[in-house]
Amino acid sequence: MLSILIQNARVVNEGQITETDVFIRDGFIHKIGKNLSKLQAEKVIDAAGKYLLPGLIDDQVHFREPGLTHKAEIYTEARAAVAGGVTSFMEMPNTVPNTVTIDLLEDKYKIASQKALANYSFFMGATNDNLEELKKVNREEVCGIKIFMGSSTGNMLVDDEAVLENIFSSTDMLIATHCEKDPMVKANEAIYKEKYGEDVPVKFHPLIRSEEACYASSSQAVALAKKHGARLHILHISTAKELELFENKTQLKDKKITAEACIHHLWFSDADYEKKGTLIKWNPAVKTASDRDAIFKAVLDGKIDVIATDHAPHTKEEKNNTYFKAPSGGPLVQHSLQALLEFYHQGKISLETIVEKACHNPATLFRIKERGYVREGYWADLVLVDLNEEQEVKKENIFYKCGWSPFEGVNFHSKITHTIVSGHIAYQNGKFNESVKGKRLKFSA
């Protein structure tokens, strides 16, 4: 692996922006400081005028392999992630078959070790009857356990109260939850189906997957976590009401109950259904502008701890369907950093806060070893961005296997120029170097 010297970079790290050099050797950040040219690197990158960030860590993606590879693959989506400055991902268990045994979990790790350009980890999925398998998971090797407390993905719904009690009381793993109360969603669906039949206008999606359904499930998860002292991470918060469940007084390393916001809930509102239709149909739903603004405020004030994507691609043909037939989810991982940098250009968020929420905090929350920061001795997971080079999202520069993006036509005012994964320049100015794969994430006990 080449030694690399990044010169004259504006490093955004741990609440500061400092112009400095970074020297990388054997995959790790060896030295940070001024005038490091004497170290004679094999590869030199002049970063004058550009900003160097830790690589983003996306704690919620769906890469669809195995079983759903007509939509996406670990290979294609990890490439797209790297092109977007995401150097590590944590992938969800709702593949086919569902990742609900140790053997199936390790099958995914094997695929990733051969194909993923980014670093990787995979969640173990919970069901109503796999508690004994969950107890076998090694928390130093696996990011967490995923519970769908809502039928967003079919057969993985965990709705047995006794099972939920057992999971929350018997594991020391981080528990990540999708929270929507299924009976409430089903009742809302019946109301709209009676009125509109199969062709329910998509604008009603946030009323079907309602604020009440989200809050009922999230509050149940929080109550369980408090009762049993479990580590709970609630994914993709979509309502202002849910924010009352979280606090910002405790340092993240000591927090037991944490929350995530996703790019689409920070960017879109229910006003966008008219133009975007089912392309922005997600579960939980994109809701009102006031919900969006409250979530953004909670990101800034620390009630929400991390920003991720819930990258969940479907083909355009699948999405271009009637309301009940169009699947929920969309591709986002390639454009999450550019979207966040757009918020920076709009004066809504600082570069330091972007790095905190998308790089530092996922590493701290999940206790990832030696990643998420620009520190000597840490893995060199880095992304170099030009804040003054525009890039329009169009079909020819989209790397998702599904070939489309909800950001198509958006002209971002920043561009990712280099992505370094575990000390390897995996992406540079639109081109990939796939000669070295990403590494399995490791976690502190």
> For segment 354-393, which residues satisfy the criterion of being under 16 Å from the mean Cα position of the chain (by Cα) and hydroxyl-bearing (Ser, Thr, Tyr)?
Replying inline: Thr364
> Does segment 315-330 include one or more residues that are more than 21 Å from Gln60 (Cα to Cα), among the hydroxyl-bearing types (Ser, Thr, Tyr), in contact with a helix residue (DSSP H, G or I) (Cβ under 8 Å, 6 or more places away or on another chain) and in contact (Cβ under 8 Å) with a residue 60 or more places away in the chain?
Replying inline: yes
>> Taking the conditions exactly as written (within 21 Å of the chain's Cα centre (by Cα), on the phi < 0 side of the Ramachandran plot, open to solvent by less than 30 Å² (accessible area, probe 1.4 Å) and touching a residue at least 60 places away in the same chain (Cβ under 8 Å)), does Ala308 satisfy them or not?
In response: yes
> For segment 11-32, how many residues are under 21 Å from Asp386 (Cα atoms) and under 25 Å from the mean Cα position of the chain (by Cα)?
Replying inline: 7
>> Looking at segment 224-244, can you tell me whether even one residue there is hydrophobic (A, V, I, L, M, F, W, C), without any contact (Cβ under 8 Å) to a residue 40 or more places away in the chain and not in a loop (DSSP other than H, G, I, E, B)?
In response: no
> What are the residues in segment 360-393 that are on the phi < 0 side of the Ramachandran plot and exposed (fewer than 15 other Cβ atoms within 10 Å of the Cβ), if any?
Replying inline: Lys369, Glu376, Asn388, Glu389, Glu390, Glu392
> Of all residues in segment 254-271 being over 26 Å from Leu174 (Cβ atoms) and open to solvent by 50 Å² or more (accessible area, probe 1.4 Å), which is farthest from the chain's Cα centre (by Cα)?
Replying inline: Ala271
> Failed condition for Val436, given (1) in contact with a Gly (Cβ under 9 Å, 6 or more places away or on another chain); (2) buried (at least 22 other Cβ atoms within 10 Å of the Cβ); (3) closer than 22 Å to Tyr109 by Cα, with all others met?
Replying inline: (2)
>> If a residue counts only when it is in contact with a Phe, Trp or Tyr (Cβ under 8 Å, 6 or more places away or on another chain) and modelled with pLDDT of 95 or more, which helices (runs of 4 or more DSSP H) contained entirely in segment 66-139 have at least 2 such residues?
In response: 74-83, 102-115
> From Lys276, Lys319, which residue is among the basic types (Lys, Arg) and either open to solvent by 10 Å² or more (accessible area, probe 1.4 Å) or at positive phi (or both)?
Replying inline: Lys276
> Looking only at segment 324-333, which residues are open to solvent by less than 10 Å² (accessible area, probe 1.4 Å) and farther than 18 Å from Gly67 by Cα?
Replying inline: Ala326, Leu332, Val333
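The values are calculated or read from the model by the stated rules, or taken from the named source; none is laboratory data. Keep in mind the model is a prediction, meaning the values are calculated, not measured. All Cβ positions, glycine included, derive from the backbone under ideal geometry; neighbour counts span all protein chains shown. For the accessible areas, the whole protein counts, side chains as well, though only heavy atoms, and no ligand, DNA or RNA atoms are used. Shrake-Rupley method; radii C 1.70, N 1.55, O 1.52, S 1.80 Å.
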